[in-house]
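In what follows, a single structure is set out as structure tokens and then discussed.
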Amino acid sequence: MQSTLSQPQKAALQTKTETISGSEAVLRAMVAEGVYTIFGYPGGAIMPIYDALYDYNDKLEHILVRHEQGGIHAAQGFARSSGKVGVVFATSGPGATNLVTGLADAMIDSTPLVCITGQVFAHLLGTDAFQETDVINITTPVTKWNYQVTDATEIPSVLAKAFYIAKSGRPGPVLIDITKNAQLQQFEYEGYKPCDHIRSYRPKPVVRKEYVEEAAKLINAAERPFVIFGQGVILGKAEKEFMQFIEKAGIPTAWTIMGMSAIPTDHPLAVGMLGMHGNYGPNVLTNECDVLIAVGMRFDDRVTGRLDKYAKQAKVIHLDIDPAEIDKNVKTTVPVWGDCKETLPMLTELIDQKVYPQWLKRFRDFEQEEINTCIEPELHPSSDVMTMGEVIRTLNELTNGEAIVVTDVGQHQMVACRYAKFNQSKSNITSGGLGTMGFALPAAIGAKYGAPDRTVVAVIGDGGFQMTLQELGTIMQFDVDIKILILNNQFLGMVRQWQQLFHDRRYSFVNITSPDFVQVAKGYHIEGNSINERKDLKSALETMLNHKGAYLLEVMVGKENNVFPMVPQGCSVAEIRLK
Amino acid sequence: MSKQEYTITVYTENQIGLLNRIAIIFSRRKINIESLNTSPSEAEGIHRFTIVINETEDVVKKLTRQIEKQVDVLKAYYNTSDEIVWQELALYKVSTDEIAEKVKVERLLREYGARAVVIRKDYTVFETTGHREETDRLVKVLEPYGLIEFVRSARVAIIKASKGFHEKLKEFEQREPGEELVENEYLDRQEEVFTM
Ligand SMILES: Cc1ncc(C[n+]2csc(CCOP(=O)(O)OP(=O)(O)O)c2C)c(N)n1
């Protein structure tokens, strides 16, 4: 409908303002952006915001974590399971510096976050005031964007910008540092206008049709094409478009650890995981394909191994939203800039419907070899000692691929990612790029808030669990229904594996002792159990999954088991070892 | 690929902290910045960085993309020295007595294109502009006469062949929020945009 208001009338309407505080403006921005869950920890410099939060009880749920690192990992888990922006509040100084690990993790894994940190009064900036830290400079390398607010009038537009930047284009963490005076300051509030444009920011490059056409030509002429994909498919919400593409193209498809679960693990074209502990076939055949189609992935060194020996024979098509990723590590033949939700259908349209039975069979042959040498012994071990693999296999049987699996970092992470089965997207949540131990427990809390109807299982090593186990307190206080599965090998397993293989078994400080985890959980009023015999595995897992509320299950597994296959550091992916 | 001198030109928003963000792109890769100048541009609210480094083209291309990826950066270009017109400013402080006694000042001024900026009883300050070798020549000449102080500015540069980024900037300025963006089209077309 055409507006009948005159220009001055409209202007008059727009200038209808009300007086509110900077803190209130922060919370109104949250509500306007559709935020309903905030993870955080209060302190002096953010008290005005917490004070305002007291009145927003009905609109915003605040989860009090036990450590700011837990808060930001929870926000990451929330973002990863929901596809929305995760939000964290922290106070100045130590509160803010405790966010740094999570920021670095979110930055490298492209997770959309908005972090609000309190800061000392503006007139104290630079005076080494109590709990003053130069948060902007500390977090610059680990944020997509950051900004310090010293005047409340800036808050609505800066927060609108923050959300827009965090979630658009290649997502990432944004940090807004707000001085205490700005939080307290009363100002004329003119309402919240979401941001959808910033002069200097181009979230998506313009799609070039000629490149899409060139890519289609290469694919149509290929004899041994191979698709590899990363989290870009999930971040772009392009799972359907991706599936249509591979199904029409008929091309064998492998995922990176971050792309995992974007297509069902059992899809007929799925050939497994790439990388250092990925599957045998996809790694070896990367160096035999003639056209390599990389979708939303960034050729991390854990995926490529030695770059000078990576897919040298192949023509490379790289689809990515971030132009800086093109040619960064692997030289492309055809770059397809853009959001893959847009570019994939264009490509699908232009390619021929095909199948490559011979070529796909090569992957299956390698798979068989891997099954015989590694997978079978791992999933159905003949010795009495339990393996991590059989725990995951049994978990799969009980969850039917419907659970969200949040993993920490180490051997259990690689085993879980190798063997977990998924039917839905956004089901595999792990710290891919940074490899942050201590990630899983808080991230699982966040994942549950992001996807309350789904079963969330955190798979954690005995080492990593002890890095953030204080978050059991959060679980207790907020009744967070997550299942904690500790795979205890009584070692910092992954480091031990490297010491065994590359340092002559000199086990230097990898022998870690643990408390009685079940007793610890009990202290937090969380039920639990510990088992070390195979005969108890299935029922113990069943009990855990059927339990109403949080549950901790410790499974004692083989002390010196190794994760194979493995591409040793500095080797080409084709040199992947099966044992 | 061999290393050579590249001049990177970056158009940015005038934002606190952006210098740091850009500097980090070099420092985290352990790349030394030979010269860095930042100043307002002809368009209001838009700043211009001129950064000189010694690197291979491959690295420079990646760096420019990383710079351009920063939220507050509008555009980043890189050029070799023959694709730009560039100058540096140098100031030379010498003892007035010394120089008046021993040097034919007029010749010096004429031959080296220098200009006296300040003449005091105790010292005189000369200024020249030019390429490094040019401003260096006067240092050599003045050194024997007790050069008290010498300072050289960072490089400022204008790209010979760019088809008026000024026009583009005005477009940036005018664009209403929310409109579809159509930049980036020059991303891999450096050659076309800059061929002379
Ligand atoms: C914060 C942090 N510190 C150190 C490391 C190095 N690191 C990688 S894996 C690993 C061992 C993990 O041991 P555990 O949690 O017991 O898991 P496991 O490998 O035994 O499954 C270590 C120490 C890391 N990734 N993150």
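The values are calculated or read from the model by the stated rules, or taken from the named source; none is laboratory data. Predicted model only: the values in this text are computed from it and were never measured. Here Cβ is always computed from backbone atoms with ideal geometry, including for glycine, and neighbour counts include all displayed protein chains.
Observations on the model:
- Filtered residue count, the range A:474-489, keeping only those that are more than 16 Å from the ligand (Cβ to nearest atom) and either hydrophobic (A, V, I, L, M, F, W, C) or within 23 Å of the chain's Cα centre (by Cα) (or both): 8
- Taken together, A:Leu537, A:Leu492, A:Leu501 contain a single residue that is more than 23 Å from the chain's Cα centre (by Cα), within 26 Å of A:Asp384 (Cβ to Cβ) and either crowded, with 18+ Cβ neighbours inside 10 Å or within 13 Å of the ligand (Cβ to nearest atom) (or both), which is A:Leu537.
- Any chance A:Arg418 is basic (Lys, Arg), crowded, with 18+ Cβ neighbours inside 10 Å and within 14 Å of the ligand (Cβ to nearest atom): yes
- Qualifying residue in the range A:139-150 (condition: over 25 Å from the mean Cα position of the chain (by Cα), within 11 Å of chain B (Cβ to nearest Cβ) and closer than 18 Å to A:Leu124 by Cβ): yes
- Meets criteria (out of contact with any strand residue (DSSP E or B) (no Cβ under 7 Å at 6 or more places or on another chain) and more than 14 Å from every other protein chain (Cβ to nearest Cβ)) for A:Asp105: yes
- Test: residue in the range B:135-149 that is within 14 Å of chain A (Cβ to nearest Cβ) and at pLDDT below 85: no
- Some residue of the range A:52-59 being buried (at least 24 other Cβ atoms within 10 Å of the Cβ) and either without any contact (Cβ under 8 Å) to a residue 12 or more places away in the chain or closer than 27 Å to A:Thr436 by Cβ (or both): no
- Test result for A:Asn137, touching a helix residue (DSSP H, G or I) at 6+ places or on another chain (Cβ under 9 Å), without any contact (Cβ under 8 Å) to a residue 60 or more places away in the chain and assigned to a strand (DSSP E or B): no
- Checked against the criterion of being touching a Phe, Trp or Tyr at 6+ places or on another chain (Cβ under 8 Å) and at pLDDT 90 or above, the candidates B:Glu55, B:Glu68 yield just one match: B:Glu55.
- Residues located in the range A:540-559, provided they are of a type outside the set (A, V, I, L, M) and more than 25 Å from the chain's Cα centre (by Cα): A:Glu542, A:Thr543, A:Asn546, A:His547, A:Lys548, A:Gly558, A:Lys559
- Test result for A:Thr111, within 14 Å of chain B (Cβ to nearest Cβ) and on the phi < 0 side of the Ramachandran plot: no
- Filter result for A:Gln413 (touching a strand residue (DSSP E or B) at 6+ places or on another chain (Cβ under 7 Å), within 13 Å of the ligand (Cβ to nearest atom) and closer than 26 Å to A:Thr111 by Cβ): yes
- The residues in the range B:1-35 that are facing chain A (nearest Cβ under 10 Å) and outside any helix (DSSP H, G or I) can be counted, and the count is 7.
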